[in-house]
Amino acid sequence: MCPRALLLTGRPGVGKTTLLRQALAQARIPAGGFYTQEVRAGSVRIGFDLVTLDGQQVPLARAGLASPYRVGRYGVDREALERVGVMAVRRALATATVVVVDEIGRMELCSPAFIQVVEDALAQGAPLLGTVMQKPHPFADRVKSAPGVRVLEVLPTNREEVRAEALRWLESLPLARPVQEQAITA
């Protein structure tokens, strides 16, 4: 049986988000949700942005941001996460598309609304493609061990195999029709 959720895990910087985005681009199936991307000033990482699959982009975390929610040197903008990221996942759930959540990580877990929308996605059985922190965390560990969830570890030596496995999973979903075919039949 095909798992209802496929989560990529691994060390920071190993390429989880890149693999997720590559598999989505190749599968060309309806998807909604968000991914995160580093923000750099020259060679220095200064934060992370949240980017929805429909094109919205907001700061998620910045070095020096005054916020009660902190992960290392980064202040987390929980309001932006909830207003843009959580809402993007809710829209994906409402439209029966693949739900993309990158990442179930320490920054995102500052938000009870984010935790709730991930729980909602799992409870509804929506196809979920995401990334999840590798380090132990009560909520992330519960998600990783939930029924119907498959976790793939991304290593520098297996990136191509994991990308291919994610693509196979996406293409095996019942709704996996190429986007251009949907436009023709609609």
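Among helices (runs of 4 or more DSSP H) entirely within the range 27-146, having at least 1 residues that are touching a helix residue (DSSP H, G or I) at 6+ places or on another chain (Cβ under 6 Å), over 22 Å from Gly10 (Cα atoms) and among the β-branched types (Val, Ile, Thr) singles out 87-94, 112-124. Looking across the range 1-20, the residues that are part of a helix (DSSP H, G or I) and surrounded by 17 or more Cβ atoms within 10 Å (Cβ to Cβ) come down to Lys16, Thr17, Leu19, Leu20. Evaluating Arg28 against the criteria (1) surrounded by 19 or more Cβ atoms within 10 Å (Cβ to Cβ); (2) at positive phi leaves one unmet condition, (1). In the range 87-130, of all residues being of a type outside the set (D, E, K, R), touching a strand residue (DSSP E or B) at 6+ places or on another chain (Cβ under 6 Å) and under 19 Å from Pro59 (Cα atoms), the one that is surrounded by the fewest Cβ atoms within 10 Å (Cβ to Cβ) corresponds to Cys110. Just one of the listed residues (Leu152, Leu170) is within 15 Å of the chain's Cα centre (by Cα), touching a residue at least 40 places away in the same chain (Cβ under 8 Å) and under 26 Å from Cys110 (Cβ atoms), namely Leu152. Among the residues of the range 42-66, those identified as surrounded by 12 or more Cβ atoms within 10 Å (Cβ to Cβ) and among the small types (Gly, Ala, Ser) are Gly47, Ala61, Ala63.
Quick check: is even one residue across the range 149-169 assigned to a loop (DSSP other than H, G, I, E, B) and either basic (Lys, Arg) or modelled with pLDDT under 95 (or both)? No, because not a single residue in the range 149-169 is assigned to a loop (DSSP other than H, G, I, E, B) and either basic (Lys, Arg) or modelled with pLDDT under 95 (or both).
Within the range 84-110, being free of Cβ contacts under 8 Å to residues at least 24 places away in the same chain and under 16 Å from the mean Cα position of the chain (by Cα) holds for one residue alone: Met87.
The set of residues from the range 170-186 being assigned to a helix (DSSP H, G or I) and either in contact with a strand residue (DSSP E or B) (Cβ under 9 Å, 6 or more places away or on another chain) or modelled with pLDDT of 95 or more (or both) comprises just one member, Leu170. Contact annotation: residue pairs with Cβ atoms under 8 Å, 6 or more positions apart or on different chains, pairing a residue in the range 59-82 that is without any contact (Cβ under 8 Å) to a residue 12 or more places away in the chain with a partner that is of a type in the set (Asp, Glu), are Ser67/Asp77. Of the residues examined, Val76 is not one that is modelled with pLDDT of 95 or more and under 15 Å from Asp102 (Cα atoms).
The values are calculated or read from the model by the stated rules, or taken from the named source; none is laboratory data. From a predicted model like this one, the values you see are computed outputs, not experimental measurements. Using ideal geometry, Cβ is built from the backbone for each residue, glycine included, and neighbour counts are taken over all protein chains shown.
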